[in-house]
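Step one of this worksheet: look at the structure below.
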């Protein structure tokens, strides 16, 4: 069964709250009130009650609580990102390393001053190195343009 969209669920929920005095709300009444085709609503709400696909005379009012739970679960799912967040590179960190070579010397060398090939950089360090490279190339382009103007 297909999952419903959050916007359609919110429309249905708000209509059910607005029509709280009614004891019975059919799928046809709901589709007229919400402005969505009856077939689309039946497909959207079929994950809550699969009978809606076969029988449109089911009381939608009985599905108000499961619809609210589905909305709550969808909103919490969106707030909890499944991908890891990373820390952005700050200007303060960039200021610590005036050149790429100073970064390499600080991060990739051991006590003797030799480059250690077993050291691996973290994702944050790689982003920092990328920013340093971009800064270096932009400075070189500016210097090249200044020399051409002379």
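The values are calculated or read from the model by the stated rules, or taken from the named source; none is laboratory data. Everything quoted here is computed from the prediction, not taken from an experiment. All Cβ positions, even for glycine, are placed from backbone atoms using ideal geometry, and neighbour counts span all protein chains on display.
Each row is one residue, and each column tells you yes or no for (1) on the phi > 0 side of the Ramachandran plot; (2) within 33 Å of the chain's Cα centre (by Cα).
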{"site": "12", "(1), (2)": "no, yes"}
{"site": "19", "(1), (2)": "no, no"}
{"site": "27", "(1), (2)": "no, yes"}
{"site": "38", "(1), (2)": "no, yes"}
{"site": "49", "(1), (2)": "no, yes"}
{"site": "70", "(1), (2)": "no, yes"}
{"site": "92", "(1), (2)": "no, yes"}
{"site": "113", "(1), (2)": "yes, no"}
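Out of all the residues in the range 89-105, is one or more surrounded by 13 or more Cβ atoms within 10 Å (Cβ to Cβ), without any contact (Cβ under 8 Å) to a residue 12 or more places away in the chain and either in contact with a strand residue (DSSP E or B) (Cβ under 8 Å, 6 or more places away or on another chain) or part of a loop (DSSP other than H, G, I, E, B) (or both)?
Yes, the range 89-105 has at least one match.
If you check every pair at least six apart or on different chains, which have Cβ atoms under 9 Å apart with a residue in the range 109-125 that is touching a residue at least 24 places away in the same chain (Cβ under 8 Å) first and a residue that is surrounded by 11 or more Cβ atoms within 10 Å (Cβ to Cβ) and assigned to a helix (DSSP H, G or I) second?
124/93
Kindly indicate whether residue 11 is farther than 30 Å from residue 122 by Cα, part of a helix (DSSP H, G or I) and not assigned by TED's automatic domain parsing to the domain that holds residue 126.
Spelling it out, residue 11 is indeed farther than 30 Å from residue 122 by Cα, part of a helix (DSSP H, G or I) and not assigned by TED's automatic domain parsing to the domain that holds residue 126.
Select from the range 107-122 the residues that are surrounded by 10 or more Cβ atoms within 10 Å (Cβ to Cβ) and part of a loop (DSSP other than H, G, I, E, B) and list them in ascending order.
Passing the criteria: 110, 116, 119, 121, 122.
In this structure, is residue 49 surrounded by fewer than 14 Cβ atoms within 10 Å (Cβ to Cβ) and at pLDDT below 90? Don't jump to the end; show me each part of the working.
Values: surrounded by fewer than 14 Cβ atoms within 10 Å (Cβ to Cβ): no; at pLDDT below 90: yes.
Here the answer is no, as residue 49 does not meet what is asked.
State all residues of the range 48-59 that are in contact (Cβ under 8 Å) with a residue 24 or more places away in the chain and assigned to a helix (DSSP H, G or I); if no residue qualifies, say none.
Those that are in contact (Cβ under 8 Å) with a residue 24 or more places away in the chain and assigned to a helix (DSSP H, G or I): 50, 52.
State which residue pairs qualify: first residue touching a residue at least 40 places away in the same chain (Cβ under 8 Å) and inside the range 133-146, second residue surrounded by 10 or more Cβ atoms within 10 Å (Cβ to Cβ) in any location, beta carbons under 8 Å apart, and separation of 6 or more residues or different chains.
Close Cβ pairs satisfying both conditions: 135/94.
Which one of these does residue 85 not meet: (1) exposed (fewer than 13 other Cβ atoms within 10 Å of the Cβ); (2) assigned by TED's automatic domain parsing to the domain that holds residue 137?
It is condition (2) that residue 85 fails.
Can you name the condition, by its number, that residue 35 falls short on among (1) exposed (fewer than 11 other Cβ atoms within 10 Å of the Cβ); (2) modelled with pLDDT under 90; (3) more than 30 Å from residue 133 (Cα to Cα)?
Going through the list (1) exposed (fewer than 11 other Cβ atoms within 10 Å of the Cβ); (2) modelled with pLDDT under 90; (3) more than 30 Å from residue 133 (Cα to Cα), residue 35 breaks only (2).
Condition first: within 13 Å of residue 59 (Cα to Cα) and in contact (Cβ under 8 Å) with a residue 40 or more places away in the chain. Now tell me which residues in the range 20-47 satisfy that.
Across the range 20-47, the qualifying residue is only 45.
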